[in-house]
Structure formats: C-alpha cells, structure tokens
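Notes to accompany the following structure.
We did not get these values from a lab; they are worked out from the coordinates using the rules stated. Keep in mind that what you see is a predicted model, and the values were worked out from it rather than measured. FYI the Cβ positions are ideal-geometry reconstructions off the backbone, even for glycines, and counts take in every protein chain you see.
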Amino acid sequence: MGSILLIGSPGTGKTRLILKYLKYYNKALWVSTTESAPDVRKKLDNYSGDLWVVDTHTWDQKVNVTSKDIIVSNPMNLNEVSIAIGRALDNLKKGYFIAFDSISGLLLYHTPQKVIHFLRNIVVRMNSDGGGGIFTLVKNAHDIHAETSISLIFHNIVELERIFNHNNVRRLIKIIRASEYIEKEIDELKLVKNDLIISDELDRFIRSQLSIKT
C-alpha cells in the first residue's frame, strides 16, 4: 500500500476525499492537528470500523474521550506525538488506514526539517505494516521551500482547487506527482452531500495507490 499527499486550500474538499476512501478500511487512525478527538468522532459517526484518534489539538487531558482517543498534552514535543501514534498503530497492527489532518498544524510549532523526519518515520512504518494513508497540507499556508521539502516524502501528490467565476464555482482535482502513469492528470470534481465525485480514471488511480480492492 502507499501514501498520498493531499494539498488544497480550506474548503476545497480534502476531508471529503479522505472520507471517500476511509470507508474501504476496517481499521484506521485519524491524526488531528486542527480539531479535538470528539469533533473527529462526530465527523466520522458513520464509520463502522476500528477507529483510533490521536489529538494534538486539544491539549486538555480532561476532554471527554473514548479509550481509543489519545490526547497529546504537548504537541510541541514531536517525540510525544510519535509515541501516541505508535501506541495507536500497535493496536491496529496491520492493513490500517492513516488520515493525517493536517501536516500544516505541526508546521505551526516545528521546522520543516523536524516535520519531515517525523513524517518519514510514520510513512516507513505504515508501508512496513501494509497500510495506506492520506496526509493533508494546506496550500499557500507555508513558504514554497517548506511545501517542496514536505512533498519529497511522498510518491503521490494530489491537489484540490476551487475556482470562483462570478456566481459559479469550479472544482478541480490535479495529479501533481504519480508513482505510475496516468493519462488524465486534471479533471473536474463535484461535492455532493456526504461524498465527493471524481472521474473513474482518477478514482482508480487513488484506489490503486491505496491498494483498495472493490
């Protein structure tokens, strides 16, 4: 299995894209740097698999959580974040899905170099465990050097874009980097209730990178 870096501005559909493919896994880890564990579980209310949540956003150990929620008391300590993620993955064991939302939250506290080392360790373990994952990054929230450095970790990079034209909104999905040949690298996408619709070709590409069989 493999990993995908998903880039896009807020509101472009990054979370919906994750949810589109999360449902094909029966166990998952959601790493949140921008919202609390209870908010994540509320958003994933329809997910029926074994779900662990690592919350690096709340800081408050007194928040009402489940036994599978790990609150990182000090996200400025990447070692503590790594231990929390490792604990969750130890329980999930093999063939899990990682949703890392988002890398940008870590870049508020750490240099790109530290984040790169941290992420590389996660991706290496994920691949070793036969897992797959989508890692998000907010477009234009960081300098170009930071974005470029982070992108070097991932063989597959997908970008979502929203274009405003008068009263119309056009949404695009772009394949920025691919580990295999894909003929159509850019296409329209559509947001509908509880889903995100993309072309069959791009859908097959993403599924193949995440080793999803349907």
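A few comments on the model shown:
- Within segment 1-63, trypsin sites (Lys or Arg not before Pro) in DSSP loop having at most 14 other beta-carbon neighbours inside 10 Å: K62
- Ranking L89, Y47, P75 by how far each Cα lies toward the positive end of the dipole of segment 3-209 (charges on Cβ) leaves Y47 at the top.
- Over segment 111-214, the Kirkwood radius and the radius of gyration, each from Cα atoms, give a ratio Rg/Rh of 0.99.
- Straightening the chain between L152 and K190 buys 10.8 nm, computed as 0.36 nm per residue apart minus the Cα-Cα spacing.
- Label positions at T66 and N167, each projected 7 Å from the Cα along the C-beta direction, are separated by 4.4 nm.
- Here the Karplus relation 6.51 cos²θ - 1.76 cosθ + 1.60, evaluated at θ = phi - 60°, turns the backbone of segment 21-31 into coupling constants of 9, 4, 5, 7, 10, 9, 8, 8, 10, 10, 9 Hz, with x for every Gly and Pro.
- Global form of segment 49-160, assessed from the alpha-carbon gyration tensor, a/c cut-off 1.5: oblate
- Applying the Karplus relation 6.51 cos²θ - 1.76 cosθ + 1.60 with θ = phi - 60° to segment 91-96 yields 3J(HN,Hα) values of 7, 6, 6, 9, x, 8 Hz, where x marks Gly and Pro.
- Between the listed residues Y21, H166, F100, the Cα displaced farthest toward the positive end of the dipole of the chain, a dipole computed from Cβ unit charges relative to the Cα centre, is found at Y21.
- For segment 127-214, the dipole from Cβ point charges (+1 on Lys and Arg, -1 on Asp and Glu) about the Cα centre works out to 280 debye, to the nearest 20.
- Within segment 134-155: backbone nitrogen closer than 17 Å to the D39 label point (7 Å, Cα to C-beta): 136-138
- Residue with peak Gaussian network fluctuation, the chain [Cα springs, cutoff 10 Å], from N79, N156, N46: N46
- Amide H to amide H distances under 5 Å link W30 with W52, V53, V54, A99, where only residues 5 or more positions off or on other chains count and H is placed in the peptide plane.
- Helices in the chain, meaning DSSP H runs of at least 4 residues, each add -39500 (n - 2.57). Divided by all residues, the mean residue ellipticity at 222 nm is -9500 deg cm²/dmol.
- For the chain, the dipole from Cβ point charges (+1 on Lys and Arg, -1 on Asp and Glu) about the Cα centre works out to 340 debye, to the nearest 20.
- Sites matching GluC sites (Glu not before Pro) across segment 119-182 that sit in DSSP coil, with at most 10 neighbouring C-beta atoms within 10 Å: E180
- From the alpha carbon centroid of segment 41-82 to that of segment 157-214 is 29 Å.
- By DSSP, the beta bridges lying fully in the chain are antiparallel in about 35 percent of cases.
- Cα-based convex hull volume of segment 1-53 per residue, rounded to whole Å³: 94
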